[in-house]
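Structure first, commentary second.
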Amino acid sequence: MTPKQPQAKKPAEATPLGIRNPYIVNFCRVLVEQKGEHHEPEALKKLLNSMYKLFENMLGQNMVRALPEDVRDEYLKICEDLTHLNYERIGEIFDRHVPDYEAVMKETMKQFAKIFMSNRTFNPKDYPVAEAAAAAGD
């Protein structure tokens, strides 16, 4: 089996493989329910999609921050040329250098929930990844 190669040549243009983590989807849905928001089905779908993308971006940024500085620098250098990066290599880097990824996930969930619950309405610009989301077309 050959590792999947990202299709984008620039990091800002990269998109995930389209597989959604059901735990993150459920987390976003629970936040909306806990906040007491009521949306029409299509509006809810759009809201959950935006939330998912933002959470995924925040998690990615937090995972990169969790790397030791020298490894982070190496990883970011590798990311400059996506033609030489594959998902298998990404997994190796993070598996080896971020042994407590569950703690990173938990902290990201807390961070995301705090921002979401403190805002009257959901606005991607209120999140620390607003620039990345804007570049992605959200």
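Would you point out the residue of the stretch 1-36, among those that are within 21 Å of LYS114 (Cα to Cα) and of a type in the set (Lys, Arg), that is modelled with the highest pLDDT?
Residue satisfying both the conditions and the ranking: ARG29.
Under the condition of being within 20 Å of PHE122 (Cα to Cα) and free of Cβ contacts under 8 Å to residues at least 24 places away in the same chain, which residue from the stretch 44-75 is nearest to the chain's Cα centre (by Cα)?
ASN49
Does at least one position in the stretch 99-114 carry a residue that is in contact with a Lys or Arg (Cβ under 9 Å, 6 or more places away or on another chain), without any contact (Cβ under 8 Å) to a residue 40 or more places away in the chain and surrounded by 11 or more Cβ atoms within 10 Å (Cβ to Cβ)?
The answer is no, given that none of the residues of the stretch 99-114 is in contact with a Lys or Arg (Cβ under 9 Å, 6 or more places away or on another chain), without any contact (Cβ under 8 Å) to a residue 40 or more places away in the chain and surrounded by 11 or more Cβ atoms within 10 Å (Cβ to Cβ).
Can you confirm whether ILE78 is over 24 Å from ASN26 (Cα atoms), β-branched (Val, Ile, Thr) and under 16 Å from the mean Cα position of the chain (by Cα)?
Considered against the rule, which asks whether it is over 24 Å from ASN26 (Cα atoms), β-branched (Val, Ile, Thr) and under 16 Å from the mean Cα position of the chain (by Cα), ILE78 comes out as no.
Would you mention how many residues in the stretch 37-59 are surrounded by fewer than 16 Cβ atoms within 10 Å (Cβ to Cβ) and of a type in the set (A, V, I, L, M, F, W, C)?
Matching residues across the stretch 37-59 total 2.
For THR121, all conditions in the list (1) at pLDDT below 95; (2) under 21 Å from VAL30 (Cβ atoms); (3) part of a helix (DSSP H, G or I); (4) of a type in the set (Val, Ile, Thr) hold save one; what is the number of the exception?
Tallying (1) at pLDDT below 95; (2) under 21 Å from VAL30 (Cβ atoms); (3) part of a helix (DSSP H, G or I); (4) of a type in the set (Val, Ile, Thr), THR121 fails exactly one: (3).
The values are calculated or read from the model by the stated rules, or taken from the named source; none is laboratory data. Predicted, not measured: the structure shown is a model, and the values here were computed from it. Glycine gets a Cβ as well: all are built from the backbone with ideal geometry, and neighbour counts include every protein chain shown.
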